[in-house]
Amino acid sequence: MGKAEAFVENIIPGSIAEELGIEAGDTVVSVNGQKPRDLIDYRFLCADDELEVEVNKQNGETWIFDIQKDYDEDLGLVFARDTFDGIRNCTNKCIFCFVDQMPTDLRETLYIKDDDYRLSFLHGNFITLTNLTTRDVERIQRLRLSPLYISVHCTNAALRETILGNKRAGKIMQQLKMLAGAGIEMHTQIVLCPGINDGQELDRSIRDLSSLWPHIRSIAIVPVGLTGYRGNLHPLRKFLPDEAGELIDRIHRLQEGFLQKYDLPLVYLGDEFYVMAEREFPQAPWYGDYPQLENGVGLVRLFYNSFADEAGRLPRTLDKKRHAAIVTGVSGRYVLQPVVERLNKVNNLHVEAIGVENEFFGGDVTVAGLLTGGDVVNVLQERLPFDLILLPSVMCRRDEPVFLDGKTPADLANELDTTVMVINVNKGAVELIDSIIG
């Protein structure tokens with residue numbers, strides 16, 4: 001890893017940092033004489049009521065502050081990166097790696113393969129544990145960095161080595177047991193590939209992982225994503241509808257057992273499987289406390305329930321006619337149909353759910369989160385005019401409204417000459433209804 005630099009990107013207004021004159025562009029050198037390697041170190045060091053903070057100013061000056069504050073009071077610094085010494089890169093060569101399936105000439109950050117336990121703890125990024133050092137493990141245990149999000153894929157040691165393309169991958173159960181022994185909670189995922197880690201291998205993986213309850217808090221099963229850029233990569237195929245249906249039935253039976261035993265389902269299927277099989281989505285109890293929403297598990301049920309709660313706010317009629325489009329991926333259009341039917345009962349309101357084919361990635365990519373601004377524009381230009389176009393927030397980066405191809409919602413509004421709004425789907429249907437009724 002490179003030189004650790006805690007570069008300040010922003011200052012929270014009214015904070016201690018603002019009062020002291022720390023500015024964006026400054027760098028935190030040390031806290032109480034220790035150099036923080038990442039945001040975890042920084043937070044740990046700042047959890048005190050007396051601090052000595054050394055800061056390098058943009059003009060080259062070094063300022064040292066003696067600070068007295070409440071024990072849990074934040075200084076108000078926002079850093080450019082959460083890992084000051086760089087990101088721990090992935091050392092695997094997974095047979096289904098999505099980065100290896102991407103076209104060229106996208107922005108550089110999209111090609112970064114992170115496998116950093118710190119980002120797992122801070123943001124819920126999935127890690128494989130194959131690059132953990134002894135010092136990493138000691139730190140996780142000492143600081144109780146919990147929960148962690150772990151890509152398991154299978155617990156068969158030899159098969160996991162093949163799937164991840166890494167000789168260290170076979171130690172997964174020993175690693176999970178070690179973390180469980182240290183009291184670390186874990187959320188796990190299995191990217192399921194037909195004919196490789198499904199069937200009896202999936203049964204084995206679920207059995208092994210469930211044996212580590214209550215430290216294993218969830219097991220998410222999501223389908224492999226395949227683009228049109230696989231070239232000479234390992235041959236893989238998508239799930240067929242009947243295979244998805246059989247998987248749903250199988251997992252549902254396991255969930256019933258876990259609900260009786262642990263009072264939660266423990267194992268969950270990604271929403272895409274229900275779309276593939278054209279099955280109804282399970283009711284809320286089958287998602288527990290929705291532990292893996294960011295992984296596409298339970299988002300649809302949460303949205304449906306939120307819409308049902310909010311639908312009472314819909315008026316009988318709008319003052320003037322409004323034609324709105326809700327843009328999503330091909331699979332999302334199936335999901336939105338009952339919602340659109342209810343919205344269109346409002347007089348003067350006409351809503352269309354438009355499923356955009358993913359021409360950019362090709363292959364079998366049908367989810368909204370991988371659509372580009374260019375594909376959206378190409379489809380909507382043939383369907384205009386609309387008074388309002390709504391886009392789910394999953395289409396854009398987490399930290400700023402930019403699509404994978406670099407376009408922004410403002411670019412789309414200019415090209416389509418209409419109002420474009422991004423709605424936060426993680427908040428359920430609140431923003432959707434607010435936007436629709438104006």
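Just so you know, all these numbers are worked out from the coordinates, no wet-lab data involved. If you're wondering where the values come from, they're calculated on a predicted model, not measured in any experiment. Every residue, glycine among them, receives a Cβ derived from its backbone with ideal geometry; neighbour counts consider all protein chains shown.
The charge dipole of the chain, taken about its Cα centre with unit charges on the Cβ of Lys, Arg, Asp and Glu (plus for the first two, minus for the last two), comes to roughly 1540 debye. Under 5 Å from the amide H of residue 353 lie the amide H atoms of 326, each residue being 5 or more positions distant or on a separate chain, with H modelled from the backbone and absent for Pro and chain starts.
Among the listed values [x] 23.9, 67; [y] 21.2, 71; [z] 25.9, 91, the one computed from these coordinates for Rg and Dmax of the Cα atoms in Å is [x]. This model, with +1 at the C-beta of Lys and Arg and -1 at the C-beta of Asp and Glu, gives segment 199-324 a dipole about its Cα centre of some 440 debye.
Farthest toward the positive end of the dipole of segment 305-437, out of 409, 385, 347, is the Cα of 347, where the dipole comes from beta carbon charges about the Cα centre.
Applied to segment 77-89, the Karplus parametrisation 6.51 cos²θ - 1.76 cosθ + 1.60 on θ = phi - 60° returns per-residue 3J(HN,Hα) values of 9, 10, 9, 5, 9, 8, 10, 6, 9, x, 9, 6, 7 Hz, with x for Gly and Pro. Over 28 Å apart at the Cα level, from the set 93/171; 113/171; 69/177; 113/167, are 69/177. Taking Cα centre as origin and charging only the Cβ of basic (Lys, Arg, +1) and acidic (Asp, Glu, -1) residues, the dipole magnitude of segment 99-296 rounds to 860 debye. Working from label points 7 Å from Cα in the Cα-to-Cβ sense, the residue 357 to residue 207 distance is 4.4 nm.
Scanning the chain for cysteines with no neighbouring cysteine C-beta under 4.7 angstrom from their C-beta gives 46, 90, 154, 193, 396. Taking 0.36 nm per residue of sequence separation and removing the Cα-Cα distance, the residue 167/residue 424 pair yields an extension gain of 88.5 nm.
Evaluating 6.51 cos²θ - 1.76 cosθ + 1.60 at θ = phi - 60° for every residue in segment 269-274, the Karplus couplings come out as 9, x, 4, 4, 4, 5 Hz, glycine and proline recorded as x. The distance from the alpha carbon centre of segment 74-108 to that of segment 211-286 is 26 Å, rounded to a whole number. Of the residues 269, 77, the one with the fewest other Cβ atoms within 10 Å heads the list, and the complete ranking is 77, 269. Mean residue ellipticity, 222 nm, helices only, the chain: the sum of -39500 (n - 2.57) across DSSP H runs of n ≥ 4, divided by residue count and rounded to 500, is -9500 deg cm²/dmol.
Run the quick spin-label model on residue 402 and residue 34: label points 7 Å from Cα toward the beta carbon, then report their separation in nm to one decimal. Inter-label distance under the simple model: 3.4 nm.
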